[in-house]
1. Around B:Ile118, which amide H atoms from residues at least 5 apart in sequence, or from another chain, sit under 5 Å from its own amide H, with H modelled in the peptide plane?
2. Name the trypsin sites (Lys or Arg not before Pro) in the stretch B:57-94 that are in a loop by DSSP and that have at most 16 other C-beta atoms within 10 Å, would you?
3. I'd like the FRET efficiency for A:Lys167 and B:Gln53, computed as 1/(1 + (r/R0)^6) with the beta carbon distance as r and R0 of 41 Å, rounded to 0.05.
4. Mind running the shape call on the stretch B:6-54? Use the C-alpha gyration tensor, a ≥ b ≥ c as the square roots of the eigenvalues: rounded below 1.5 for a/c, prolate if a/b tops b/c, oblate otherwise.
5. Accessible area per residue, 1.4 Å probe, Å², for chain B: what's the number?
6. Where the centroid of each part is defined by its Cα atoms, how far is the stretch A:1-62 from the stretch B:36-52 in Å?
7. Between the label point of B:Gly119 and that of the same position in each other copy, find the distances and list them shortest first in nm, with every label point placed 7 Å from Cα along the Cα-to-C-beta direction.
8. Between their Cα atoms, which of A:Lys24/B:Lys50; A:Lys24/B:Lys23; A:Lys23/B:Lys6; A:Lys23/A:Lys50 are more than 23 Å away from each other?
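The values are calculated or read from the model by the stated rules, or taken from the named source; none is laboratory data. Values in this document were obtained by computation on a predicted structure and should not be read as measured data. Here the Cβ positions follow ideal geometry from the backbone for every residue, glycine too, while neighbour counts run over all protein chains shown. All accessible areas refer to the heavy atoms of the entire protein, side chains included, with ligands and DNA or RNA removed. Shrake-Rupley method; radii C 1.70, N 1.55, O 1.52, S 1.80 Å.
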There are 2 protein chains.
Amino acid sequence: MNFSSKLIEEAVNAFATLPGIGKKTALRLVLHLVNQPGENVEQFADAIVKMRQHIKFCETCHNLSDEPLCAICADPRRDRGVVCIVESIRDVMAIEDTSQYRGLYHVLGGVISPIEGIGPGDLNIDTLAQRIQQGEIREIIMAVNPTIEGDTTIFYISKKLKDTDLKISTIARGVSFGGELEYADELTLGRSIVARVSYRTED
Amino acid sequence: MNFSSKLIEEAVNAFATLPGIGKKTALRLVLHLVNQPGENVEQFADAIVKMRQHIKFCETCHNLSDEPLCAICADPRRDRGVVCIVESIRDVMAIEDTSQYRGLYHVLGGVISPIEGIGPGDLNIDTLAQRIQQGEIREIIMAVNPTIEGDTTIFYISKKLKDTDLKISTIARGVSFGGELEYADELTLGRSIVARVSYRTED
């Protein structure tokens, strides 16, 4: 791309470092900002820098947080006896969006993956053990993605917890609501038949 | 979307003001920046703010520029007798990328559009007239997009220039190179037959 301006080129290159944004999209964004009032652009940049400088990870669950303790861990209305183990912060948001869960979380920060050189020591598993030792937790829900790495991680954690009397569960898998059977993948459909749930009309 | 952090929410909202970026993409970008070193994020924000603060429009052709005169207008190797009229800065970049044009540009900053309330007075047409009065220009190339508004603009400018002895042309339109006839739109294909170019092998 041929820039007649060094300033534009640098701004385009800055945007193009972001995931999923190529040079053409970056240029579109930069030309949009050129036409915005200066203070709007400063507010935009400010929100990003402030976020990066002040963002913390929750001391208890490792969720992103503005305070040492995140809003979920600090909420007295949440059930402190149930902890949902997830891979990333995005999974916390996805589950929160359902409004179906009132317990706490524990963000692992990844899954065990020997290929990528991620071992149990790189994940937030020790702090999970510490939380469990405090004795308040009675149930653990594993909401880790169903990949080989995810299953390995679930296996590792459940082995670590085998001497406790915690209730351990994984989230239900099956055909999605509104999904059509013929479009479901074979593995999911197969497992949904093996793990069928008893059904009876009440009368 | 359920943010447990106000800082994240503000950064996501900042990104979501950009064209073509929704909340989900914005969140992906913000979580990417959370995992970047702080100084990288500051450099990113800095490049954008600096660009917005210091960017100028070229006094001669209205292209984006770091100096009062843009790199193209300031280049002594460019042919100062030919001026290509374009709608926007992006068109300048597109033509520069072809490396086929060695003249100067004139960026109108839009096209005449009564529906959107854009009249000739809102475009950089007066400065074009001033450039022509200086007497150095001998040819004008109209490279405005072939819409009704674009054609109106071309018609308006060519009427203004009818008392000069300038050579006026528009860029060639037709089926693209590598394009297949059956997929070309009817208007383009029809015009490419009406405006056929004579062809003879040299022997």
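1. B:Ser113
2. Here the sparse-neighbourhood loop sites are B:Arg77, B:Arg78.
3. Using R0 = 41 Å, I get an efficiency of 0.10.
4. In terms of gyration-tensor shape, oblate.
5. 61 Å²
6. Measuring centre to centre over Cα atoms gives 7 Å.
7. 7.6
8. Listed pairs above 23 Å: A:Lys23/B:Lys6; A:Lys23/A:Lys50.
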